[in-house]
Amino acid sequence: MIYFVATPIGNLEDITLRAINVLNNVDIIACEDTRTSQKLLNHFQISKKLMAFHKFNEVSTCEKILELNSQGKNIAIISDAGMPVISDPGNNLTKILRENNIDFTVIPGANAALSALLLSGLDASSFYFLGFLPEKKSDKTKLLKEISNLFLDPSCLQ
């Protein structure tokens with residue numbers, strides 16, 4: 001089984017018992033940064049083989065994860081903080097898993113976007129999550145123009 005496991009945002013004690021259990025019982029953990037993940041695992045005395053899974057090796061690591069899964073290995077996917085895939089590597093993996101009818105599950109936990117929304121005091125009955133803005137200024141400007149038009153265009157309400 002492939003598990004997408006939420007990790008704490010800032011405070012290591014914010015991890016769930018279920019996440020600790022999964023991390024203790026998988027065969028391998030694919031993580032964004034092995035050094036950051038090792039700190040988390042050391043804190044909870046979890047000793048597992050780690051495999052780097054970041055934007056620079058996402059394609060090749062997806063292939064390796066599929067291979068390990070086909071061998072019956074249980075794999076956890078974690079990011080440095082929060083939920084993997086959300087503004088972190090793994091989006092391609094979930095798409096491949098769905099396309100190939102390969103089972104996977106999510107172990108919920110900390111969520112930076114929802115925590116920030118709550119702490120802001122803004123109306124939380126409805127919100128839009130965009131994720132990280134692009135690095136290039138031209139891409140950032142283009143995206144922000146598209147978003148502003150979405151919220152200013154009355155036709156989007158129809």
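The values are calculated or read from the model by the stated rules, or taken from the named source; none is laboratory data. It should be emphasised that the depicted structure is a prediction, and the values quoted were computed from it without experimental measurement. Glycine also receives a Cβ, built like all others from the backbone with ideal geometry; neighbour counts cover every protein chain displayed. These accessible areas exclude ligands, DNA and RNA; they are computed on the full protein's heavy atoms, side chains included. Shrake-Rupley method; radii C 1.70, N 1.55, O 1.52, S 1.80 Å.
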Item to check | Close pairs (6 angstrom Cβ cut-off, 6 or more residues apart or separate chains): surrounded by 14 or more Cβ atoms within 10 Å (Cβ to Cβ) in segment 16-39, of a type in the set (Gly, Ala, Ser) and part of a helix (DSSP H, G or I) anywhere | outcome: Cys31/Ser37
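Does Lys39 count as of a type in the set (Lys, Arg) and not in a helix (DSSP H, G or I)?
no
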Checklist entry - Right, Leu122: in contact with a Lys or Arg (Cβ under 7 Å, 6 or more places away or on another chain) and either surrounded by 12 or more Cβ atoms within 10 Å (Cβ to Cβ) or aliphatic (A, V, I, L, M) (or both) or not? => result no
Next on the checklist: Given the criterion modelled with pLDDT under 95 and more than 18 Å from the chain's Cα centre (by Cα), identify the matching residue among Glu13, Glu58, Glu67, Glu32.
Outcome noted: Glu13
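I want to confirm something. Restricting to segment 46-66 and keeping residues that are open to solvent by less than 50 Å² (accessible area, probe 1.4 Å), not in a helix (DSSP H, G or I) and not small (Gly, Ala, Ser), which single residue is nearest to Val85 (Cα to Cα)?
Taking segment 46-66 as the starting set, the residues that turn out to be open to solvent by less than 50 Å² (accessible area, probe 1.4 Å) are 46, 50-53, 57-58, 61-62, 65-66.
So of that shortlist, the ones also not in a helix (DSSP H, G or I) come out as 46, 50-53, 57.
Now drop any that are not not small (Gly, Ala, Ser), which leaves 46, 50-51, 53, 57.
Details: Ile46: 23, Leu50: 18, Met51: 16, Phe53: 11, Asn57: 14 Å.
Across segment 46-66, the extreme among qualifying residues is Phe53.
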Checklist entry - From the list Leu157, Leu152, Leu117, Leu97, which one is under 19 Å from the mean Cα position of the chain (by Cα) and modelled with pLDDT under 90? => result Leu117
